[in-house]
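A.B. asks: I'd like to ask you about the structure that follows.
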Amino acid sequence: MAPVGMPHLLGLAGVLFFIGVLGMLTRRNALTVFMGLELQLNAVNLVLVTAARHWHNLDGQVLAFFVIAVAAVEVAVGLSILIAVQRVRDTVNVDDLSALSE
Amino acid sequence: MNAILFWSCAVVAVTAALFVISRRSPLASAVALAVNMVALAALFAGLSAPFLFIIQLLVYAGAVVVFIVFVIMLLNLGEEETRGALVSRGKLLASALACCLGLALLLRAVAAGTPREAAGALPADFGGIESIGQEIFTRWLLPFEVTGLILLVGIVGAVVLAKRGE
Amino acid sequence: MKVPSPKLTFWERIYVVEIIRGLGVTMGHLLKNLFRQSEMPTVQFPEEIKPVATRHRSRHRLTVREDGTPKCVACMCCPTACPASCIHIIAQEADAPWKEKKPRVFEIDLLRCVFCGFCVEACPEDAIRMDTGEVTIVGTRREDFIVGLDFLLHGEGNAWREGRPEEKPQPGPGEPLLPPSTPEEESGRGPRQVLRPKLPSAWETVREVKP
Amino acid sequence: MEPWVEWTIMGGRAAVAWVIPLMLIPLLVWMERKASAYIQDRTGPNRAAILGLRFGGIIHALADVVKLIFKEDITPARARPFWYNLAPIVAMTFALLTFAALPFADVLRVGGHEIPLQALRLNPGLLWMLAIGSFGVFGIVFAGWGSNSSYPLLGGIRGSAQMISYELSLGLSVVGILMIFSTIDLNEIVRAQGKLLFGFLPMWGVVVQPVAAVIFMAAALAEANRNPFDLMEADSEIVAFHLEYSSLRFALFMMTEYVHITVASGLTVTLFFGGWQIPWLTTERLTGSAGDLALAVPALLVVLGLLVLLSLVLLAPTRRWHRTLQRLYVDARRHEAKFWTVVLLLQAIGALALGAYLFLNPPGADGLAAITAALQFVSFMVKVTFFGFAFIWVRWTLPRFRYDQLMALGWKGMLPLALANVVVTGFVLLLVGK
């Protein structure tokens, strides 16, 4: 097998990011949209860690750490919003939650 | 980096990611997400980031996905209904754009070749708890504190949002 | 209604001290029972049999006269009184001139019986009693629990009464136990199997229990 | 070292970490039934027997297994089969994986090699425990979701909410320990607990962090879903998440509970009660200064063997041994007494022989290291078994919390207390100038 280097890792991150974008765009369930978002964040983390490894610089890992922390906050707030929305509108379908655009 | 580790993790991660966006049951998506996270955590371990490996397991797979699953059960979300076309025209366009963008990124990354790698061996404790701690609590102290503040704000916001309106 | 909750002191409010005290209590019980097992109130049933109270309504028996014939005159008082309709009697002419009838078939379905004792109250002849002390009635088929005349008169559980001074078994040793007719004729079916648990050999040691 | 030796050692380490919790399951089940019986002035199980040997009811654990294996395995028609079948496996796997990071003896130094006596030697071992421990929620969630029935779903939600809540206190209570020992490697934490405080007190976690120890043990009870926090499956009044399960799948859930107990007590022991440390006898003391331990072990063995032999000789001819057993133990049988006599005799002879052998051929440095590791393993197992028993002991002592009380205690009581403990520990460390 060919040695694995930065291009492979970046390619993998790109594929994962792209799948995340697809998920965000095509899914209706707000929760699944969230998961697409998480996929993208993960892909970014992979790039950061790869870069850290490549340049022997810990900044990438520290940034990835921050991304993880902020992602946790985002999930907490986002899911609370979801619960509140479900309580009021009885749906989490993003197509039905278009009150602001009409 | 070990080729076997990379390829197995890559296959698992991509398959799981495809599962995330293609399953109709949200719980299946969430579990696929967890598998994806674990595969990425293994990659982190291979990329000499042991601390991030554990944090990824602890925070993402252990807490975030558990929380998502918990919400799925709380809302008792069934399968996503598929009324009408699965994808609207605008979404199709956006997906195509994203697809092109992704491909472009991919091609760019591969075409660019390997950037110059830092010379010399890795520091002994690279990515370990001690070195990361040193970084966070010296050069990245302000962002770290701000992150703590964001966490606090997030917790308060979550509590306010999830509370039944009085 | 509002029930005031008791005021807790500081040490009670932090739980820990009280929890440790509680753990002490349970550990005390554990140790006591571990080292003084014979003081434990549990009765090891098949090995130790705890006698039932004398007035306890246990399995029925039929009493016999001094000549060995059943006291029962087949008057049908007990099946009439029985709320569970578990007694089945078929009468026949008695052999002695001084009594009218005797039972040809006397069956009690122990699975239907509710052990209320009404049959004992109803009997004008003191012919049925519920004082065998037999409470473990075991069988493998439903039919085993339909007990007939022979079993009620001479079943193994009746032997238990021998321990009681005031209740000597009526026919003395050597005297004929059976009435003139054969058991097959009496109950209308073959001899009963003994309704008593067969103990495995591991349970050979039987401890005596003070009543 | 040759590769196959390395692989064998690695497999052996994994096997030990795998076998310890599994082996403790029947023991804990037996304790649960027998100890609870004694606490409640009952006799407890004592009927099942093999060749007339009852072993105080431990055969019942075997009988339970046989029963659970041969019961009908039912999958409800409306269940979601994938999740339904996955749930018990997930629960059991993660519970067992958690145990992998626990060290059960100090690093073994034999012939110039270092063999870590833990299945998974991780620098952030403690975080591994927390991370994999939090995966345990998945088993419950899958069971609740896969059953596709209201009560298991509610039970699953109740259980996962409880586990998420108490994970916080669990994690935070450990921070104090990390600050004091300033490491996150579990083996290093245990090693640090071998030091003496004021010259005589072993510096166990419970001595330096008593508040954290209490919080941790309470949270561990909640994480293992044991009384007084067993709201998830409160047998007597609430329907649990594994309502729809039967046969071996149900057995897996029950076994998972006991593996959780083992893991929780293992972690409690490792963090707060000195892990594999034998009080006042550190690894250096045991392996160093040859002659100290080299003579102590065989001497101990000989004394032990002689004592047992003496007691047997004194008791056997008068048959007092048998009668004592019969008087003391209602469920002891005649050949059981004989059996134990033979076992004790063999043990005594074995101890004497081993003692004599060690006395005649004093062990070298490698042998000393092996003996030390064995002693530390025994110490670890004794502690773990004791705390496993403590879990059961607590269960039969305390009443159950109400759900609002549970949440109030977790969020309003233990979480602030754990945070305050961290702050106070920080200040004290500053003052001490560490």
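A.B. asks: Which whole-number value in Å² is the accessible area per residue of the stretch C:53-161, probe 1.4 Å?
C.D. replies: I get 49 Å² per residue for this part.
A.B. asks: For chain D, which whole percent of the accessible surface, found with a 1.4 angstrom probe, sits on carbon and sulfur atoms?
C.D. replies: Its accessible area is 73 percent carbon and sulfur atoms.
A.B. asks: Can you work out the Karplus-derived ³J(HN,Hα) for every residue in the stretch C:84-91? Use 6.51 cos²θ - 1.76 cosθ + 1.60 with θ = phi - 60°, whole Hz, and x for glycine or proline.
C.D. replies: 9, 6, 9, 9, 10, 10, 10, 8
A.B. asks: OK, next. Sequence-distant or interchain residues sharing an amide H contact under 5 Å with C:Gln92, placed H: which?
C.D. replies: For C:Gln92, the qualifying residues are C:Lys102, C:Arg104.
A.B. asks: Report the label-to-label distance for A:Val94 and C:Trp98 in nanometres (one decimal), using points 7 Å from each Cα along the Cα→Cβ vector.
C.D. replies: 10.6 nm
A.B. asks: Round to the nearest 0.05 the FRET efficiency obtained for B:Ile4 and D:Leu22 when R0 = 22 Å and r is the Cβ-Cβ distance.
C.D. replies: Calculated value: 0.10.
A.B. asks: Which cross-chain or sequence-distant (5 or more) residues have an amide H under 5 Å from the amide H of C:Ile128, H modelled 1.01 Å from N in plane?
C.D. replies: The list, which skips near neighbours in sequence, is C:Thr63.
A.B. asks: Another question, if that's okay. Using the Karplus curve 6.51 cos²θ - 1.76 cosθ + 1.60 with θ = phi - 60°, what ³J(HN,Hα) values do you get for each residue of the stretch D:298-308, in whole Hz, with x for Gly and Pro?
C.D. replies: x, 4, 4, 4, 5, 4, 4, x, 5, 4, 5
A.B. asks: While we're looking at this one, here's another question. Between D:Ala390 and B:Val160, how many nm apart are label points set 7 Å from Cα along the C-beta direction?
C.D. replies: 4.3 nm
A.B. asks: Please compute the modelled spin-label separation between D:Ser150 and D:Phe82, points set 7 Å along Cα→Cβ, answer in nm with one decimal.
C.D. replies: Here the answer is 2.7 nm between the modelled labels.
A.B. asks: What ranking, highest mean first, results for peptides D:405-415, C:115-125 when packing means the other Cβ atoms within 10 Å averaged over each residue?
C.D. replies: Per-residue mean Cβ counts within 10 Å order the peptides as D:405-415, C:115-125.
A.B. asks: Please go through the residue pairs C:Lys50/D:Lys67; C:Lys32/D:Lys383; C:Lys2/C:Lys32; D:Lys195/D:Lys383; C:Lys2/D:Lys412; B:Lys163/C:Lys7 and name each one whose alpha carbons sit more than 29 Å apart in this structure.
C.D. replies: C:Lys50/D:Lys67; C:Lys2/C:Lys32; B:Lys163/C:Lys7
A.B. asks: For the pair A:His56 and D:Leu300, what calculated FRET efficiency results from E = 1/(1 + (r/R0)^6), where r is the Cβ-Cβ distance and R0 = 41 Å, to the nearest 0.05?
C.D. replies: The pair D:Leu300/A:His56 has a calculated efficiency of 0.15.
A.B. asks: Here's something else I'd like to know. If you take every DSSP beta bridge fully contained in the protein assembly as shown, what fraction is antiparallel? Give it as a percent rounded to 5.
C.D. replies: Expressed as a percentage, antiparallel bridges in the protein assembly as shown total about 100.
A.B. asks: Could you work out the mean count of beta carbons from other protein chains within 10 Å of each residue's beta carbon in B:130-137?
C.D. replies: 3
A.B. asks: Would you compute, from DSSP H runs of 4+ residues alone, the mean residue ellipticity of chain D at 222 nm, taking -39500 (n - 2.57) per run and dividing by the full residue count, rounded to the nearest 500?
C.D. replies: Helix-only estimate at 222 nm: -23000 deg cm²/dmol.
A.B. asks: May I pose another question? Mean separation of Cα pairs under 8 Å and 6+ residues apart, divided by the residue count of chain D: what relative contact order is that in percent?
C.D. replies: Contact order relative to length: 22 percent.
A.B. asks: While we're looking at this one, here's another question. Once phi is turned into θ = phi - 60°, what whole-Hz ³J(HN,Hα) does the Karplus curve with 6.51, -1.76 and 1.60 give for every residue of the stretch D:144-154, x standing for Gly and Pro?
C.D. replies: Computed from phi, the couplings for the stretch D:144-154 are x, 6, x, 5, 6, 8, 4, 5, x, 4, 4 Hz.
A.B. asks: While we're here: State to the nearest 20 debye the size of the charge dipole of the protein assembly as shown about its Cα centre, where the only charges are +1 on K and R beta carbons and -1 on D and E beta carbons.
C.D. replies: 720 debye
A.B. asks: Chain pair B, A: how much accessible area is buried, both chains summed, with a 1.4 Å probe, in Å² to 100?
C.D. replies: Roughly 7000 Å².
A.B. asks: Pairs of Cα atoms under 8 Å, at least six residues apart: use those to get the relative contact order of the stretch A:30-89, whole percent.
C.D. replies: 34 percent.
A.B. asks: Another one. Using the Cα atoms of the stretch C:53-161, I'd like the radius of gyration and the largest Cα-Cα distance, Dmax, both in angstrom.
C.D. replies: 13.3, 42
A.B. asks: Here is a further query. Give me the inter-chain shielding for D:133-139: mean count of other chain Cβ atoms within 10 Å, whole number please.
C.D. replies: 5
A.B. asks: Given the peptides D:34-42, B:62-70, arrange them by the average over their residues of other C-beta atoms within 10 Å, most packed first.
C.D. replies: Answer by packing, highest mean first, reads B:62-70, D:34-42.
A.B. asks: Next up: Using a 10 Å cut-off around each Cβ of peptide D:122-130, what is the average number of partner chain Cβ atoms that fall inside?
C.D. replies: 4
A.B. asks: Follow-up question, since we're still on this one. Could you tell me the calculated FRET efficiency between D:Trp4 and B:Arg139, based on Cβ-Cβ distance and R0 = 45 angstrom, to the nearest 0.05?
C.D. replies: 0.45
A.B. asks: Calculate the tail of P(r) for chain D: the fraction of all Cα-Cα distances greater than 37 Å, expressed in %.
C.D. replies: 34 percent
A.B. asks: Take peptides D:258-264, B:55-61 and line them up by average Cβ neighbours within 10 Å, highest first, as a rough protection proxy.
C.D. replies: The packing order, highest mean first, is D:258-264, B:55-61.
A.B. asks: Can you sort D:Trp18, D:Trp128 by solvent-accessible area, 1.4 Å probe, largest first?
C.D. replies: Sorted by accessible area, descending: D:Trp18, D:Trp128.
A.B. asks: Starting from the amide H of D:Thr75, placed 1.01 Å from N in the peptide plane, find each other amide H under 5 Å away whose residue is 5 or more places distant or on another chain.
C.D. replies: So D:Thr75 has HN proximity to no qualifying residue.
A.B. asks: A follow-up question, please. Give me the residues in the stretch D:39-65 whose solvent-accessible area, probe 1.4 Å, is reduced by at least 20 Å² once all protein chains are included instead of the chain isolated.
C.D. replies: Residues passing the criterion (a loss of at least 20 Å², heavy atoms only) are D:Ile39, D:Asp41, D:Thr43, D:Arg47, D:Arg54.
The values are calculated or read from the model by the stated rules, or taken from the named source; none is laboratory data. Keep in mind that this is a model prediction, so the values were computed, not measured. Backbone-built Cβ (ideal geometry, glycine too); neighbour counts: all protein chains shown. SASA here: full protein model, heavy atoms, side chains in, ligands and nucleic acids out. Shrake-Rupley method; radii C 1.70, N 1.55, O 1.52, S 1.80 Å.
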